Each structure stands twice: as structure tokens, then as C-alpha cells.
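The values are calculated or read from the model by the stated rules, or taken from the named source; none is laboratory data. As the structure is a computational prediction, the values presented were derived from the model and not from experiment. Cβ placement follows ideal geometry from the backbone for every residue including glycine, while neighbour counts extend to all protein chains displayed. Surface areas here come from the heavy atoms of the whole protein model, side chains and all, with no ligands, DNA or RNA. Shrake-Rupley method; radii C 1.70, N 1.55, O 1.52, S 1.80 Å.
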Amino acid sequence: MNSQLAQVHERRREIHRIERNQIGRINEQMRRLDLDRRYLENLSERTVAQQMQLDRIHERIAVLQSDFEPLAAQAAALRRQLVENRLEYSLATGQVRSITVGDLVHVYAPNQLHFLQRVVLFFQHIWSFLSEYPREANTEGGIWPAIFGTFIMTVLMSAAVTPFGVMAAIYLREYARQGLFVRAVRIAINNLAGVPSIVFGIFGLGFFVYFMGGNIDRIFFPRATEMGTPTFGTGGVLWASLTLALLTVPVVIVATEEALAAVSRGVREGSLACGASKWQTIQYLVLPAAAPGILTGLVLAMARGAGEVAPLILVGVVAFAPSLPVDGLFPFIHLERKFMHLGFHIYDLGFQSPDSEAAQPMVFATTLILILLVVALNLAAILIRNRLRRRYASQAF
Amino acid sequence: MPDPAIKTAVTPQASVTTSDVPLRADYISVRNFNFFYNGVHQVLFDLNLDIPERQVTAFIGPSGCGKSTLLRNINRMNDLIDGIRHEGDIFIDGHSIFDPDIEVISLRKRIGMVFQKSNPFPKSIYENIVYSLRVAGRHRKSELDEVVERSLHAAALWDEVKDRLHQSAFGLSGGQMQRLCIARAIANQPEIILMDEPCSALDPIATGKIEDLIHELKKQFTIVIVTHNMQQAARVSDRTAFFYLGKLIEYNSTEAIFMNPINSQTEAYVSGRFG
Ligand SMILES: Nc1ncnc2c1ncn2[C@@H]1O[C@H](COP(=O)(O)OP(=O)(O)OP(=O)(O)O)[C@@H](O)[C@H]1O
Ligand SMILES: [Mg+2]
């Protein structure tokens with residue numbers, strides 16, 4: 001029995017390897033070639049060079065096709081092997097049921113396990129929940145793509161919001177003439193923090209996806225756009241991150257402004273008296289002294305951003321993404337890809353799945369993971385902040 | 001009548017010359033200087049005074065009379081404040097500090113400043129001292145090491161901190177911090193040191209150390225010191241200027257100001273019978 005199961009696992013891994021890696025790579029190339037082919041074939045008349053290009057594409061497609069077929073056949077054969085054995089089992093009531101071995105994931109007899117085995121099994125389950133792809137329309141399997149998507153999105157968002165928010169705060173606090181205009185800008189920033197998040201989603205869709213993405217597509221991917229397959233002109237992890245960055249930028253600006261204001265006048269004057277320029281003073285003294293406060297702002301921004309779902313639905317989150325935004329295919333980081341997100345995954349599991357009763361444990365577990373992820377991000381930032389604070393903390397001015 | 005204790009403290013001080021070039025008697029020269037905060041609020045009235053090179057000049061006067069304002073004009077620290085305005089001019093070594101061709105940063109590089117409240121940077125002792133070199137783009141380690149040792153020796157702090165140069169400056173005592181600020185002010189070899197009540201937060205022992213230090217420093221630097229402590233002015237300075245309500249009332253050798261002041265207000269102030 002166990003050897004059969006091991007064989008099943010081995011075959012599944014093999015299928016996964018073939019389909020995801022080898023066939024995936026071929027598909028990716030095919031997709032690009034196919035775009036060019038359709039574009040060239042659609043032209044009413046072709047120059048000689050274009051005709052030659054088209055011929056070359058046909059040849060390459062043929063080559064890829066011939067690579068593809070044996071792989072597909074291999075995968076199909078493996079799949080057949082998966083279902084060729086059946087397992088018959090009887091329930092406690094005496095009924096006899098049967099299942100194909102290929103559908104088995106785990107086989108164990110819970111009542112015969114001793115304590116240690118149960119502990120091991122428990123952690124195995126947690127691990128597979130965290131590390132596997134979802135199966136059966138998200139109701140089974142793991143949530144790894146959603147964890148990864150949330151993480152990547154939060155990191156990208158932080159990378160965008162920190163420089164933008166900090167620069168805005170430096171300008172407002174250190175350079176701008178304090179007057180009516182700056183006051184108005186401050187009020188606007190505070191109000192921005194209160195705008196419902198779905199409004200940011202709509203703005204992100206209009207500005208980032210349609211306007212920026214559309215223009216990027218027209219300039220860099222003209223053929224794909226003409227064929228109706230947008231690259232950046234549709235939701236993706238980049239646009240989602242930027243939308244959330246906009247949503248959280250007020251938090252960073254306010255926190256940074258407060259941190260800058262807390263740097264004492266004495267230190268600033270001392271620096272200027274040493275012959276430092278204003279920018280050197282900011283760079284060498286004010287920003288390092290304000291860093292803990294800036295990080296606090298970033299913590300708050302991440303906590304808000306990672307848990308936000310509504311705007312993401314409009315700018316790139318999906319219930320099931322076939323591939324992660326980061327993988328082994330060139331150029332390795334695919335910012336235009338749609339992605340999965342824990343918050344949306346919860347919604348999808350709890351309210352969109354065919355059997356929401358059955359998905360309930362998944363919903364709770366996923367919620368727990370989302371909360372843990374946010375706590376972990378915050379904890380990391382708090383630790384960094386405390387380290388920075390401790391370095392010169394013995395005296396308050 | 002002046003306090004007899006002051007008499008014994010005042011000794012004629014010959015200025016120590018270290019080069020052959022004669023020292024200027026008008027190294028810093030303030031001419032018809034008026035100064036306004038918020039455009040209209042005048043705090044300095046038609047000041048004229050010459051501060052001699054490599055001597056200690058003390059500014060004294062009751063609180064609010066504009067001593068700090070004048071001191072902060074010499075390195076244009078007041079530029080930071082919105083709505084200030086001045087009339088007249090200040091010359092250093094014959095050049096106007098308000099000359100549009102002079103960059104305020106290069107002016108400040110020639111002038112060290114020590115503030116009333118010691119203001120070490122939130123950095124290590126070492127980095128505090130080399131700050132003025134770093135902002136001037138000088139990062140060579142051997143040079144920085146040398147400057148740190150020389151400045152700390154000059155500020156009489158070396159023996160106390162030589163084993164913890166790379167620890168935070170906030171771990172020092174108040175008097176040590178103020179001497180660190182002095183070391184920082186002299187690190188980049190300025191020509192002038194401005195001190196605004198450098199000892200007001202220190203105990204007599206730390207004050208004594210800093211006064212000894214000022215005696216040493218005037219061999220190399222032109223020093224202007226603001227102080228509320230009459231004995232201190234008498235002990236450390238060569239010349240003393242007495243200000244009252246933004247006007248220069250009397251300016252003379254310290255001996256003359258304390259022993260036989262011409263103005264009755266000056267006499268009242270230095271003998272502690274003021275107000
Ligand atoms: N930034 C400022 N804006 C407006 N007025 C100011 C400012 N700084 C100082 N003043 C005013 O200028 C006058 C002179 O102040 P200054 O600080 O030069 O006095 P001071 O002689 O140094 O006094 P103290 O001995 O108390 O330090 C005071 O009336 C003060 O209120
Ligand atoms: Mg003052």
C-alpha cells in the first residue's frame with residue numbers, strides 16, 4: 001500500500017515537473033511566437049522581410065511543437081498510470097467503496113497512530129497547507145501562492161511608499177515655505193487617509209492599469225496590444241502594489257513629518273555651524289535620527305496595506321493564478337502577472353466556493369495565516385526600529 | 001564699586017603671537033549694524049565695534065539685550081529665521097560677510113560655534129569630531145584619526161575618552177559633552193570660535209576646565225564669548241563689551257570695564273547692582 005502511495009506521489013511530482021517547468025517554458029515561447037505569427041498573418045500585405053520572418057516563426061513553432069508532443073504524451077501516460085489501480089475499502093458499517101489510487105493524497109489510520117506519529121502528522125499537515133498549491137478549486141491543498149503573493153505585494157508596496165512618502169515629508173517639513181499652501185496640502189493628505197479603499201481601487205484601475213499600463217503596452221508591446229492581449233494594460237501585482245502605496249502614503253508622510261519635527265533644533269544648528277549644507281544636515285543627522293519614527297510609519301502602512309482587499313479586486317488579484325510573480329523563467333520577476341492574495345483567498349473560500357461548509361476550516365486557517373503574516377511584518381519592523389533606537393538612546397534631548 | 005575678588009582675578013594679558021604677521025585689531029569689525037526680527041522688531045541698534053585677532057572678547061549685558069543675536073550674526077546663523085532684516089555690515093578680516101559672492105557655507109567653515117546647551121550629534125564621539133571634515137568631503141582615515149586626537153587634546157578631553165571614541169557621545173557627562181562640542185568646533189581649524197554661554201549648565205570644576213581651555217585656545221583662535229558670569233568675563237577675556245537694550249554701552253579692555261567703567265550703567269551691571 002505505502003509503496004503504491006509513494007509511487008503515486010512520485011508520478012504526481014513527475015507530472016508537475018513536466019507540466020509546470022518543461023511544458024510551461026515551451027508554452028511561454030509559443031505564446032510569444034504565436035502573437036507575432038497572428039500579427040504577421042493579419043497584415044493585408046507583407047514585405048519580403050516580414051514574409052521571411054513569418055516563415056521563420058512557422059519553423060520555430062514546428063520545432064517547439066515537436067518538442068512539446070513527446071512531453072505531453074509522457075504526461076498523459078503518467079496520468080493514465082495514476083488511475084489504473086483502484087483501492088477497495090470497507091467502512092465501519094460494512095459498505096464497500098472504491099477509489100482510484102491516483103486520487104489519494106494521504107493514507108493513514110488515525111486511531112492506530114501513537115502520540116509522536118500524530119505530532120509529526122500534525123506538522124506535516126501544517127507544512128503542506130503552507131507550502132502547496134491549492135487543489136479542487138481552492139477548497140483543498142495549500143495556500144502557498146496566496147502567501148507568496150501577499151508577501152511580494154507588501155514588499156513592493158513598501159518599496160514604493162517609503163521613498164515617495166519620505167521625500168514628500170522632507171519637502172513639506174524642511175523645504176516648503178510654511179504657509180497657506182502647505183497647510184492645504186497637509187489637510188488634503190489627512191483626508192486622503194480617510195478615503196474608502198475601493199475608491200483607490202477605481203483610481204488604480206483608471207490611472208495605473210488603463211492609462212499607465214495602456215501606454216506602456218502601446219510603446220513596448222504594440223503587437224500584443226493590437227491582438228487584444230494586454231501585458232501591463234491589465235491588473236497585475238505591480239499596479240496592485242502601487243495602488244496600495246497610494247492608499248498608505250498618508251500614513252508614511254504623517255509619521256515621517258512627526259519624526260523630522262522631533263529632531264532638535266540644537267542638532268540642526270550645530271550641523272550648520274560646522275559648515276554643513278541643509279541637505280547634508282538632513283542626510284547625515286536628521287534622517288538617521290528620524291529613522292525609527294519613519295519605520296514606525298512604514299509598519300502602520302504595511303499593516304494597513306497587507307490586510308486590504310477591496311481595491312485589489314480591481315487591479316490584479318485573482319482567485320487562482322497559474323504561476324507566481326517570481327519564478328525561474330526569464331526575466332524571473334514578472335510584475336505584470338496577476339497574483340493571489342490571502343485576503344481575497346479568504347473571501348473566495350468562504351463565499352465563492354461550491355461548498356462553503358467544507359471550506360470553513362480553510363477559511364479559518366487562512367485568516368490565521370494572514371494575521372500572522374501581518375504580525376510578522378510588524379514585528380520585523382519593530383525589531384529594526386528598536387535596534388536603531390538603542391544605538392544612541394541613552395539620552396533624550 | 002567693583003567686587004574686590006574680581007580685582008585679583010584680573011591680570012593684564014599679553015596676547016601670544018605665533019606668527020610674524022601683525023595681528024589685526026579689527027579682525028571682526030561691526031559697522032553701523034541694525035538688526036530686526038519679523039521685519040520690524042528692532043533688537044540691535046547702530047552697533048560699532050572691532051574685535052581683535054587672537055584675543056578673547058566677552059559680550060555681557062542683561063538678558064534679552066541682543067548678545068546672542070549679534071553673536072549669531074557673525075556666522076549668519078540667523079539666516080535660518082524667517083523675516084529677519086539687517087542694516088549695516090560686518091567684516092571679517094576686511095571682507096563683508098554679507099557679500100553675495102561669499103557662500104554662507106564657506107563662511108561657517110571658518111567659524112566654529114559652541115552653543116549654550118551642549119548639542120552633540122547622535123553619533124559616536126569620533127564621528128562628532130570629524131563631522132565638519134566629512135561634510136567638507138574629507139574622509140581619509142589617517143587624517144581623521146589625527147584630527148580627533150589633536151582636537152580632543154586641545155579640548156582637554158582626550159584622557160577621559162580615548163578608550164571609547166566609537167561609543168555614543170550621549171554617554172558623556174554634561175561638562176564632557178560641552179568640551180566635546182568645543183573639540184568639534186575647532187576640528188576643522190577655524191579662525192574664529194563663537195561661544196554662547198558655554199558654561200551656563202556646568203559646575204565650577206567643569207567651568208574651570210573650560211576657562212583654562214579658552215586661555216589655551218586663544219593662542220590660535222579669535223574667540224568671542226557671551227557670558228552672564230561677571231567673574232568669568234573678568235577671568236577669561238581681554239576685552240569686554242557691555243550691551244543694554246540692543247545698544248553697545250561700553251567697550252574697552254576688560255580691566256578698564258571692571259576697574260573703572262566710564263558709564264554708570266556699566267558700573268552698576270558689573271558690580272551686580274543692576275535693575
Ligand atoms: N527668533 C526670534 N524671533 C523674534 N525675536 C527674537 C528671536 N530671538 C530673539 N528675539 C528677541 O531679540 C531680543 C534679543 O534676544 P537675544 O537672544 O539676542 O538676547 P540675549 O542677550 O542673548 O539674552 P540672554 O542673555 O537671555 O540669552 C529679545 O528681545 C528676544 O525676544
Ligand atoms: Mg542669549
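Restricting to segment B:33-86, give me the number of residues that are within 8 Å of ligand 1 (Cβ to nearest atom), part of a helix (DSSP H, G or I), touching a helix residue (DSSP H, G or I) at 6+ places or on another chain (Cβ under 8 Å) and open to solvent by 20 Å² or more (accessible area, probe 1.4 Å).
Selection size over segment B:33-86: 1.
Would you pick out the residues in segment B:125-156 that are open to solvent by 20 Å² or more (accessible area, probe 1.4 Å), in a helix (DSSP H, G or I) and closer than 15 Å to B:Ile186 by Cβ? Break it down stepwise before answering.
Within segment B:125-156, the subset open to solvent by 20 Å² or more (accessible area, probe 1.4 Å) is B:127, B:134, B:136-143, B:145-146, B:149-150, B:153-154, B:156.
Retained after the next criterion (residues that are in a helix (DSSP H, G or I)): B:127, B:134, B:141-143, B:145-146, B:149-150, B:153-154.
If the condition is that a residue be open to solvent by 20 Å² or more (accessible area, probe 1.4 Å), in a helix (DSSP H, G or I) and closer than 15 Å to B:Ile186 by Cβ, then B:Glu146, B:Glu149, B:Arg150, B:His153, B:Ala154 are the ones that fit.
Could you tell me whether any residue of segment B:106-119 is under 23 Å from B:Asp26 (Cβ atoms) and either surrounded by fewer than 14 Cβ atoms within 10 Å (Cβ to Cβ) or modelled with pLDDT under 90 (or both)?
Yes, some residue in segment B:106-119 is under 23 Å from B:Asp26 (Cβ atoms) and either surrounded by fewer than 14 Cβ atoms within 10 Å (Cβ to Cβ) or modelled with pLDDT under 90 (or both).
Check off (1) at pLDDT 85 or above; (2) open to solvent by less than 40 Å² (accessible area, probe 1.4 Å); (3) of a type in the set (Ser, Thr, Tyr) for A:Thr100 and give me the number that stays unchecked.
Going through (1) at pLDDT 85 or above; (2) open to solvent by less than 40 Å² (accessible area, probe 1.4 Å); (3) of a type in the set (Ser, Thr, Tyr) one by one, A:Thr100 breaks only (1).
Are any residues in segment B:36-88 touching a residue at least 12 places away in the same chain (Cβ under 8 Å), more than 25 Å from B:Pro198 (Cα to Cα) and within 14 Å of chain A (Cβ to nearest Cβ), and if so, which ones?
Passing the criteria: only B:Gly83.
Every residue, every condition in (1) of a type outside the set (Gly, Ala, Ser); (2) more than 16 Å from ligand 1 (Cβ to nearest atom); (3) within 13 Å of B:Val56 (Cβ to Cβ); (4) open to solvent by 50 Å² or more (accessible area, probe 1.4 Å), yes or no:
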| site | (1), (2), (3), (4) |
| --- | --- |
| B:His166 | yes, yes, no, yes |
| B:Ser173 | no, yes, no, yes |
| B:Met177 | yes, yes, no, no |
| B:Arg184 | yes, yes, no, no |
| B:Glu191 | yes, yes, no, yes |
| B:Leu217 | yes, yes, yes, no |
| B:Phe221 | yes, yes, yes, no |
| B:Val224 | yes, no, yes, no |
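Residue check: is B:Phe242 within 13 Å of ligand 1 (Cβ to nearest atom) and of a type in the set (A, V, I, L, M, F, W, C)? If you could, list the steps in order and put the result at the bottom.
Details: within 13 Å of ligand 1 (Cβ to nearest atom): yes; of a type in the set (A, V, I, L, M, F, W, C): yes.
Yes.
Within segment A:272-291, can you find the residues that are within 11 Å of chain B (Cβ to nearest Cβ) and open to solvent by less than 40 Å² (accessible area, probe 1.4 Å)?
Of everything in segment A:272-291, those that are within 11 Å of chain B (Cβ to nearest Cβ) and open to solvent by less than 40 Å² (accessible area, probe 1.4 Å) turn out to be A:Leu272, A:Ala273, A:Cys274, A:Gly275, A:Ala276, A:Ser277, A:Gln280, A:Thr281, A:Leu285, A:Val286, A:Ala290, A:Ala291.
Those residues that are on the phi < 0 side of the Ramachandran plot and aromatic (Phe, Trp, Tyr), I need them from segment A:315-346; list them, please. I'd like the intermediate steps shown before the answer.
Filtering segment A:315-346 down to residues on the phi < 0 side of the Ramachandran plot leaves A:315, A:317-331, A:333-346.
Scanning segment A:315-346 gives A:Phe320, A:Phe330, A:Phe339, A:Phe344.
Inside segment A:184-247, counting only helices (runs of 4 or more DSSP H) that do not spill past its ends, which hold 3 or more residues that are open to solvent by less than 20 Å² (accessible area, probe 1.4 Å) and at pLDDT 85 or above?
Of the helices (runs of 4 or more DSSP H) lying wholly inside segment A:184-247, those with at least 3 residues that are open to solvent by less than 20 Å² (accessible area, probe 1.4 Å) and at pLDDT 85 or above span A:197-204.
Restricting to segment A:103-126, name every residue that is in a helix (DSSP H, G or I) and at pLDDT 85 or above.
Hits for segment A:103-126 are A:Phe115, A:Leu116, A:Gln117, A:Arg118, A:Val119, A:Val120, A:Leu121, A:Phe122, A:Phe123, A:Gln124, A:His125, A:Ile126.
Of the conditions (1) open to solvent by 10 Å² or more (accessible area, probe 1.4 Å); (2) over 13 Å from B:Val224 (Cα atoms); (3) within 16 Å of ligand 1 (Cβ to nearest atom), B:His95 clears all except one; give me its number.
(3)
If you take just the helices (runs of 4 or more DSSP H) that sit entirely in segment B:162-267, which of them hold at least 1 residues that are free of Cβ contacts under 8 Å to residues at least 12 places away in the same chain and either away from every other protein chain (no Cβ under 14 Å) or within 16 Å of ligand 2 (Cβ to nearest atom) (or both)? It would help to see each step written out before you state the result.
On the way: elements: B:174-186, B:204-217, B:230-236, B:254-259.
It comes to B:204-217, B:254-259.
Among A:Glu19, A:Glu10, A:Glu69, A:Glu28, which is in contact with a helix residue (DSSP H, G or I) (Cβ under 7 Å, 6 or more places away or on another chain) and assigned to a helix (DSSP H, G or I)?
None of the other options fit; the residue is A:Glu19.
Give the residues of segment B:120-148 that are among the basic types (Lys, Arg), more than 8 Å from chain A (Cβ to nearest Cβ) and either in contact with a strand residue (DSSP E or B) (Cβ under 7 Å, 6 or more places away or on another chain) or under 22 Å from B:Cys181 (Cβ atoms) (or both), sorted by residue number.
Correct list: B:Arg138 only.
How do the pairs read when you match residues in segment A:123-135 that are closer than 17 Å to A:Phe364 by Cβ with residues anywhere that are among the aromatic types (Phe, Trp, Tyr) and open to solvent by 70 Å² or more (accessible area, probe 1.4 Å), using Cβ under 7 Å and keeping only pairs 6 or more apart or on different chains?
A:Leu130/A:Trp144; A:Pro134/A:Phe320
Residues to consider are B:Lys117, B:Lys109; find the one that is within 16 Å of ligand 2 (Cβ to nearest atom), touching a residue at least 24 places away in the same chain (Cβ under 8 Å) and either within 11 Å of chain A (Cβ to nearest Cβ) or over 20 Å from A:Gly266 (Cβ atoms) (or both). First the steps, then the outcome.
Details: B:Lys109 fails: within 16 Å of ligand 2 (Cβ to nearest atom).
When all the criteria are applied, what remains is B:Lys117.
Could you tell me how many of the residues in segment B:202-215 are open to solvent by 30 Å² or more (accessible area, probe 1.4 Å) and touching a helix residue (DSSP H, G or I) at 6+ places or on another chain (Cβ under 6 Å)?
Qualifying residue count, segment B:202-215: 1.
Condition check: of a type in the set (Val, Ile, Thr) and away from ligand 2 (no atom under 14 Å from the Cβ). Does B:Ile74 satisfy that? Quick ask: steps written out before the conclusion?
Working: of a type in the set (Val, Ile, Thr): yes; away from ligand 2 (no atom under 14 Å from the Cβ): no.
No: the conditions fail for B:Ile74.
Would you mind finding the one in A:Glu308, A:Glu269 that is of a type in the set (D, E, K, R) and within 14 Å of chain B (Cβ to nearest Cβ)?
Criteria check complete, one pass: A:Glu269.
May I ask you to say which residue of B:Asp82, B:Asp89 is out of contact with any strand residue (DSSP E or B) (no Cβ under 7 Å at 6 or more places or on another chain) and away from ligand 2 (no atom under 16 Å from the Cβ)?
Only one candidate passes the filter, namely B:Asp82.
So which residues in segment A:240-266 are more than 14 Å from every other protein chain (Cβ to nearest Cβ) and polar (S, T, N, Q), if there are any at all?
Matches in segment A:240-266: A:Ser241, A:Thr243, A:Thr248, A:Thr256.
Which of the numbered conditions does B:Gly246 fail, given that it passes all the others? Conditions: (1) open to solvent by less than 10 Å² (accessible area, probe 1.4 Å); (2) on the phi < 0 side of the Ramachandran plot; (3) not aliphatic (A, V, I, L, M).
(2)
List the number of the failed condition for B:Asp89; all other conditions in (1) closer than 26 Å to B:Arg150 by Cβ; (2) away from ligand 1 (no atom under 15 Å from the Cβ) hold.
The single condition B:Asp89 does not satisfy is (1).
A:Ser66 is checked against (1) surrounded by fewer than 14 Cβ atoms within 10 Å (Cβ to Cβ); (2) in contact with an Asp or Glu (Cβ under 8 Å, 6 or more places away or on another chain); (3) not aromatic (Phe, Trp, Tyr) and fails just one. What number does that condition carry?
(2)
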